[in-house]
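Following: one structure in structure tokens, then a few remarks.
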Amino acid sequence: MTYQQTIVEAGNAIGRFQATWNGIEPESVARMRLQNRFRTGLDIARYTAKIMREDMAAYDADPAAYTQSLGCWHGFIGQQKLISIKKHFGSTKGRYLYLSGWMVAALRSEFGPLPDQSMHEKTSVAALIEELYTFLRQADARELGMLFRDLDAARDSGDAVRAKQIQTAIDNFQTHIVPIIADIDAGFGNAEATYLLAKKMIEAGACCIQIENQVSDEKQCGHQDGKVTVPHEDFLAKIRAVRYAFMELGVEDGVIVARTDSLGAGLTKQIAFTREAGDIGDQYNSFLDCEEVDEIGHGDVLITRDGKLMRPRRLPSNLFQFRSGTGEDRCVLDCITSLQNGADLLWIETEKPHIEQIAGMVDRIREVIPNAKLVYNNSPSFNWTLNFRQQVFDRWQAEGRDVSAYDRAKLMGVDYDGSELADEADERIRTFQRDAAARAGIFHHLITLPTYHTAALSTDNLAREYFGEQGMLGYVKGVQRQEIRQGIACVKHQNMSGSDIGDDHKEYFAGEAALKAGGAANTMNQFAA
């Protein structure tokens, strides 16, 4: 519906109560409606799910159409990302937000900072989704509010051409609302608990839920040791629980990302139930590290394999151990079974960013599921500089090139910056997402914890300058002057916090009697230039 159509619709509604509603302006109602396009989280979930499905189809047609996101831990962070994306690129197409369970645990828990072990309050995940969309909707209201003010100014000056241009911009306004890929960890309990939490997340606006195949009560960060996986049937029950939640709430296009941690997980808590040789439980058990036994010992847990009695290796923790070197095979099986049972996208957690390692597994998966595609964690847990310099070193060495000027173990050193090897490594890092999208089936690239690190880095820089010799210049030169010159929206922090939106509402409600904050004495006017 266009701006003018919305005004007409509001006017018709008001007209039915003309005797008592004559103080309500149709155009003001239209503006408020356009500034609040999404009424509920389910409106958002349905809208963004459609975007994701269209993007997935576009990627299937052309791998160059991969998508990206950055992780957030606060609504303001997510809002500023989308404002920046619109400012620099003019469109939010292909750009999402990622909600990281790691950052929720580390930064949002009432217990204080926690490791990524599903110890934080599970409702804090849904609360963050709601918070992110609250801030994104406010970004819509703010930008549209500025357009409305420009429209009024054009009308007041009699510039009909300018007014028409602004009205077209209003009609073609692109929302800041984008898909959020939301981390539900391992489901925070059994399948029923997973279903209940998934509903909360979807009602808050999530169109995409990522779930992993670790044991809920033993869950670890994907880049730490001690990971414990569950049998496939247990994981598939949780995938189905999430799908039921989407379907119950009418979000039929909802997207499920099935994450496997099997590459780095050497343990399982359960021996899978199996009915017959070769079934999914038997395949899971085939990876167990076992020894043949002739005599049953006290407390032994035994299985049969190829007609032989076998004792799975059980640790004092009561966990069972997989055979070394089976991680990739287990990942491939995890991915195939997940896609065959309701998942839409895959996430393979790896220990390093190596395209051929990922592609090797994806090639095997695509032998069974031709359109299999991944979400990939471009993780800050990787030392990207060292990894890629070592990859280049290894390739050069394999090609017979002279690498005597380089010490492979010390390639992180600043002395190598600017070298031919370092430059090639940086170029590979620069093109990693494009190359991995084409070669390794990666539809979506994300960085889980970027703003955790950027907040720490920028705070360290400010503290060094402000509390050191630079004093106030440390803030002015390093922060405010850069905000002004780079056109950072929140340099006008009163406007960003909603002060101008509030002034508009005061005028709607009280007319000339409105006491507004944005008058001549507002110091934000110093930033008008």
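Coordinate-derived values only; no laboratory data. Keep in mind the model is a prediction, meaning the values are calculated, not measured. When we count neighbours, we look across all protein chains shown, and the Cβ atoms used for this are built from the backbone with ideal geometry, even at glycine.
For the chain, with equal point scatterers placed on the C-alpha atoms only and solvent neglected, what are the log10 I(q)/I(0) values from the Debye formula at q = 0.07, 0.12 1/Å, to two decimals? Those come out to -0.50, -1.22, one per q. Estimated from helical segments only, the mean residue ellipticity of the chain at 222 nm is -15000 deg cm²/dmol, where each DSSP H run of four or more residues counts as -39500 (n - 2.57).
Of the chymotrypsin sites (Phe, Trp or Tyr not before Pro) in segment 1-92, the ones in a loop by DSSP (not H, G, I, E or B) with at most 16 other beta carbons within 10 Å are 17. In a reduced charge model with +1 at each Lys and Arg Cβ and -1 at each Asp and Glu Cβ, the chain shows a dipole moment near 1340 debye about its Cα centre. Looking at 411, 421, 386, which one has the Cα that reaches farthest to the positive end of the dipole of segment 376-437 (charges on Cβ: Lys, Arg +1; Asp, Glu -1)? Working it through, the farthest residue towards the positive pole turns out to be 386. Within the same chain, aspartates and glutamates fewer than 8 places from residue 308 are excluded, and of the rest, those with a Cα less than 19 Å from its Cα are 276, 279, 282, 289, 291, 292, 294, 295, 300.
Label sites at residue 470 and residue 369, each approximated as a point 7 angstrom past Cα along Cα to Cβ, lie 4.9 nm apart. In a DSSP loop and with at most 15 other Cβ atoms within 10 Å, the trypsin sites (Lys or Arg not before Pro) in segment 53-133 are 93.
Restriction of the GluC sites (Glu not before Pro) in segment 436-493 to DSSP coil positions whose beta-carbon has at most 11 other beta-carbons within 10 angstrom yields 469. Contact order, relative form, for the chain: 15 percent (alpha carbon pairs under 8 Å, 6 or more residues apart, mean separation divided by residue count). Taking a ≥ b ≥ c as the square roots of the eigenvalues of the Cα gyration tensor, segment 325-394 is classed as prolate, since a/c reaches at least 1.5 and a/b is larger than b/c.
The lysines within cross-link reach of residue 269, meaning a Cα-to-Cα straight distance under 22 Å and a gap of 8 or more places when in the same chain, are 219, 227, 238. Sorted on the mean count of surrounding Cβ atoms within 10 Å across their residues, most packed first, peptides 444-451, 201-208 read 201-208, 444-451.
Under a cut-off of 20 Å between alpha-carbon atoms, report the aspartates and glutamates in cross-link reach of residue 200, not counting same-chain residues fewer than 8 places apart. List returned: 43, 110, 121, 130, 131, 183, 185, 192, 212, 248, 252, 253. Classify segment 246-398 as rounded, prolate or oblate from the Cα gyration tensor: take a ≥ b ≥ c as the square roots of its eigenvalues, call it rounded if a/c is under 1.5, otherwise prolate when a/b beats b/c and oblate if not. It comes out oblate by the Cα gyration axes. May I ask for the angle, rounded to the nearest 10°, between helix 191-204 and the longest principal axis of the chain, with both axes built from Cα atoms and the value confined to 0 to 90°? Its long axis makes an angle of about 20 degrees.
Taking the centroid of alpha carbons for each part, segment 227-288 and segment 291-324 are 23 Å apart. The convex hull of the Cα atoms of segment 163-202, projected and averaged over all directions, covers 3.8 nm². Centre-to-centre separation between the Cα atoms of segment 365-413 and those of segment 3-54: 52 Å.
Packing here is the average count of other Cβ atoms within 10 Å per residue, and on that basis the peptides 378-390, 182-194, highest first, run 182-194, 378-390.
With the convex hull drawn over the C-alpha atoms of segment 425-529, the volume per residue is 198 Å³.
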